[in-house]
Amino acid sequence: MSDLLGFVLSGLVSGALYALLATGLVLSYSASGLFNFAHGATAYLCALAFHELHSGFGWPAVPTALLLVLVAAPALGWCLDRLMFRKLARVGETAQIVATIGLLVALPALGLWIVELLEDAGAPVKPAENQFGLPGVGPSPARGWQLTDGVGIDSDQLITWVTTAVVAVGLWILMRHTPLGLRLRATVDNRSLVELRGMSADRLSSVAWMLSSGLAGLAGVLATPLLGLSSHDFTLFLFVSATAAVLGRFLSIPLAFAGGLGLGVLQNLVAGYADFAENITGFRTAVPFLILLAGLLLLTRRRRTAGTAAVDAPPVDYLAGQSWLRRWGPWAAAALALAVSFYTVTTPFWSGLLAQGLAISLVFVSFTVVTGLGAMVSLAQATFVTGAALVAGLLMSHGWPFAGAAAAGTCAAAALGALVALPALRLGGRSLALATLALAFLADQVLFQMGWLRNGDTGWEIPRPVFGPVDLSDDRAMGVAMVVLVTATVASLACLRNSPSGRAMLAVRSAPAAAMASGISVVRTKLLLFTLSAGLAGFGGVMYASFNTRITATDFTAMTGLIWLAVVVAAGVRRPQFAVVAGLVFAIVPHLVADYVTESVHLPVILFGLAGLALANDPDGYCAAVSVRRHRRRGRVGVVPESPSSSGVSIAPQSPPLPGDRPPTETPPPALALHGIHAGHDGAPVLHGVDLAVHAGEIVALLGPNGAGKSTVCRTAAGLIAPSQGHVYVAGRDATREGAALRSRGGVVLAPEGRGIFPSLTIDENLALYLRERDERDAVYERFAGLAARRRVPAGSLSGGEQQLLALAPLLQRPPKVLIADEPSLGLAPRIVDDVFRLLVELRDAGAGLLLVEEKAAEILGVADTVAYLAQGRVSWCGPRAEVRADRLTEAYLGMAANGGRQATKGVTRP
């Protein structure tokens, strides 16, 4: 019993740290939609700073910890959000994952480099990397207390428990009993709706990142006595805490917190009682990754369809349709010049360096297959490299020839890739990335610890091959051979991309559901890509190990693969030739930095890691951005802005009156006016010069067929879409440049298509976001008794009609200047539809202007004052409701004229 209690108590220490990190992960992900792989790096940076300031500079422990946790860490989170995370939230998930992985690599190296610079400057710093047994916040050495026979605790453990408990209570109070917590929870539910309710989602995201970084900093300071200062251990600690975030489904802070505590206890119990693990090297330390993998497979499987992944829109190929010479001529010339240079101008040093870069390029090209073609982020490529090289070395030690051993190693890597892919392919995005990383750590700690495979610390010798008269032991010959292999690989992938199979792969990447409907097996295609990528990485690993003439189990760890991924994606992962450029840069830059900048090994790592920062601006990489920017520069030349359409209502500024003229009768400006609006989605134009005006106390019905652009008009008017041309006026004030939050504060409210509510918040919390005063909410409850009786019920449990009434009810207490309602009756029963339209008429009578989009023409014509027809992104007619004719109405919806006079409006009366 005492053993069990001891395991539980010690497990709660690590569990508390897991809980703090997991809570920060969930908090930042919930508010921004971005999973921060660099969360553990923030913790390490704070732990490093605490060690140097406390042990080196002699600062007191508690004030130093408070300074780091309450000031420095939140400031770092705020800076990263402003510089990087806000932009990353708007790009593809692949770029998000890689950019934060780049930070994971760069931040610890940056901290260690700063320590080196301070040491060179004579500052009293202490050795940092891989230091253990360091003092924490409490007494040093730690004080101990004996609870029972064989069970004791020390001051560091007690401080960790108490601090974690205080933080847990504080977070609960913040999230459940403060306006800020309510807004943060609303951002979790629906970020765009938060903007539509007048709250800045960016500011709330900054607050979430500051809180998240503060929690990471606290975990780092508390973990210093437990983990020491090993950046690798802190990275492992992060991914273990990611298991707790998975248990909370990346949304629930209480579940993530409880999951972290339970995970620490479970890990200790397995370590103490799993006797079978004695015979499996590394099993005990691998338990969290087994739990992470199982949690991902079980808890996220239902949330995604088979084979889907992070889908990024492909960049425009500006060379499409050009001749072979135009597309591939420069690359072929560069390959030929590089091959010739090995025997002409390069020195032996540079010959070896370039050959090394070309060898690693083969590995980098494998990322083009899995991520560029498949939109899957694999963090296990280093595992395939190590596995293939170890198998090849093992076979060559038994007399196998190089070609046979390399082929066997490649097949082993491909088989390992298929084994990794089979359970993980039903995941996508961050879940797939975490699953592959968990498997990579499992391989490092279990598979590659097997003595028969690793051959101890010396590894296996892999001599360079000799093919007849060609001896690759000469770096020049090795370089030319690598040029041939890399060229053949790039050409093969280009042919694959343009083949029917390649087009099927691209279809699966861009539209999995449509590809499945066309008869393409999504899972089989993903499996093929993953296996091909693993085999290619394995072959590249054999060639790279052959260049080095030896392979050990620790040459290419999972962390090495993270650096590789950051470098490849920063260069451009969609084209194999960009991966070759990345390989050469990866080999050359460290030597250039060492020769001309500094001999520190940390600066190249910082540069490679920070390369991911550019993905916020260029999500397709540096190389791809060159052609994009060149095309944009050419496109700006000679561009004449299109004149706005003259259809609809003109609101052009009037000329000032001449002297002596009688002053014109002043009329109030429209509550909302759109003038010459051109707008669209992702570069695709939808609206082509829309003019529209909504006056106070007026209902304007916007009619038109599906695809005409009605929702785009609503979103542009509300500030969710910025027009490329034209102006938006609110009560005569130019609000074109205002976003949705500012537009909402100015009185323009959008009730979006569907339900404009926050489903996980209660009815009262939904109302409190718009009506902060209790008496205003009480007035709503007096009007809607059904809502009053269920005010503590989550809004997501209401019926569709009740949800729509909840979205509109607070507007009756504080009517906006303009209400834009997109399909307010969608999916509602006829009785509820009558109630909704009655509320809309009441808002009009209260002086609000309403822009209504509806498919039900008869219902909307029954309440409208003005009707506008939208067809192909243009207002084709706008006028009073009384002038609506049946042929216009039919043409607006069906695109053809109809007979029957005014029968379509027969019987339509205004309430």
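Read-outs: derived from the displayed coordinates by stated rules, not from any lab. Note that the structure is a prediction, hence the values are computed from the model and not measured. Glycine gets a Cβ as well: all are built from the backbone with ideal geometry, and neighbour counts include every protein chain shown.
Given Cβ point charges of +1 (Lys, Arg) and -1 (Asp, Glu) and nothing else, what value in debye, to the nearest 20, does the dipole of region 430-557 about its Cα centre take?
For region 430-557, the charge dipole is close to 720 debye.
Rank these for me by crowding, M210, M376, going from fewest to most other beta carbons within 10 Å.
With the fewest neighbours first, M210, M376 line up as M210, M376.
Does anything in region 735-751 have its amide N under 12 Å from the 7 Å Cα→Cβ label point of R203, and if so which residues?
741-742, 745
Looking at S14, V91, P141, which one has the Cα that reaches farthest to the positive end of the dipole of region 1-141 (charges on Cβ: Lys, Arg +1; Asp, Glu -1)?
V91
Counting only the backbone N, which residues of region 551-587 are under 15 Å from the spot 7 Å out from the Cα of A491 toward its beta-carbon?
577, by backbone N distance to the label point.
I'd like the FRET efficiency for I173 and E753, computed as 1/(1 + (r/R0)^6) with the beta carbon distance as r and R0 of 35 Å, rounded to 0.05.
According to the calculation, E is roughly 0.45.
Nothing charged except the Cβ atoms of Lys and Arg (+1) and of Asp and Glu (-1): what's the magnitude of the dipole of region 324-557 about its Cα centre? Round to the nearest 20 debye.
Computed charge dipole of region 324-557: roughly 960 debye.
If I stretch the segment between L158 and R733 completely, what's the gain in nm (0.36 nm per residue apart, minus their alpha carbon distance), one decimal?
201.0 nm
From the residues A407, V542, V486, which one has its Cα farthest along the dipole of region 324-557 in the positive direction, the dipole being from +1 and -1 charges on Cβ of Lys/Arg and Asp/Glu about the Cα centre?
V486
Net charge near F367: determine it from the other residues with C-beta under 12 Å of the C-beta of F367, scoring Lys and Arg +1 and Asp and Glu -1.
+2
Using a Förster distance of 35 angstrom, determine the FRET efficiency expected from the C-beta separation of D775 and A829, and round it to 0.05.
The formula returns an efficiency of 0.65 here.
Where nothing but the Cβ of Lys and Arg (+1) and of Asp and Glu (-1) is charged, how large is the charge dipole of region 663-758 around its Cα centre, in debye to the nearest 20?
In debye, rounded to 20, region 663-758 gives about 260.
What do you get for chymotrypsin sites (Phe, Trp or Tyr not before Pro) in region 420-506 restricted to DSSP loop and a cutoff of at most 10 other Cβ within 10 Å of the site's Cβ?
none
Which peptide among 230-242, 705-717, 564-576 comes first, and what is the full order, when sorted by highest mean count of other Cβ atoms within 10 Å?
Output ranking for 230-242, 705-717, 564-576: 564-576, 230-242, 705-717.
If you look at just the Cα atoms of region 324-557, how large are its Rg and its Dmax in Å?
Here Rg and the maximum Cα pair distance are 18.6, 57 Å.
Sticking with the crude label model, points 7 Å out along Cα→Cβ, report the distance from R503 to A882 in nm, one decimal please.
5.9 nm
From the phi of every residue in region 716-731, what ³J(HN,Hα) in whole Hz does the Karplus formula 6.51 cos²θ - 1.76 cosθ + 1.60 yield, where θ is phi - 60° and glycine or proline is x?
Going residue by residue, I get 5, 5, 7, x, 6, 10, 7, x, 7, 9, x, 9, 10, 10, 10, 6 Hz, with x marking Gly and Pro.
Given R₀ = 41 Å, what would the calculated FRET efficiency be for L269 paired with A418, taking r from the Cβ atoms and rounding to 0.05?
0.75
Please report the relative contact order for region 1-72, taking Cα pairs under 8 Å with a sequence separation of at least 6, and give it as a percent rounded to a whole number.
17 percent
How long is the gain from E599 to F57 if the chain were fully straight, where each residue apart is worth 0.36 nm and the alpha carbon distance is subtracted?
Answer, rounded to one decimal: 192.6 nm.
Put a dot 7 Å past each Cα toward the Cβ at V626 and R326; how far apart are the dots in nm?
The modelled label-to-label distance comes out at 1.8 nm.
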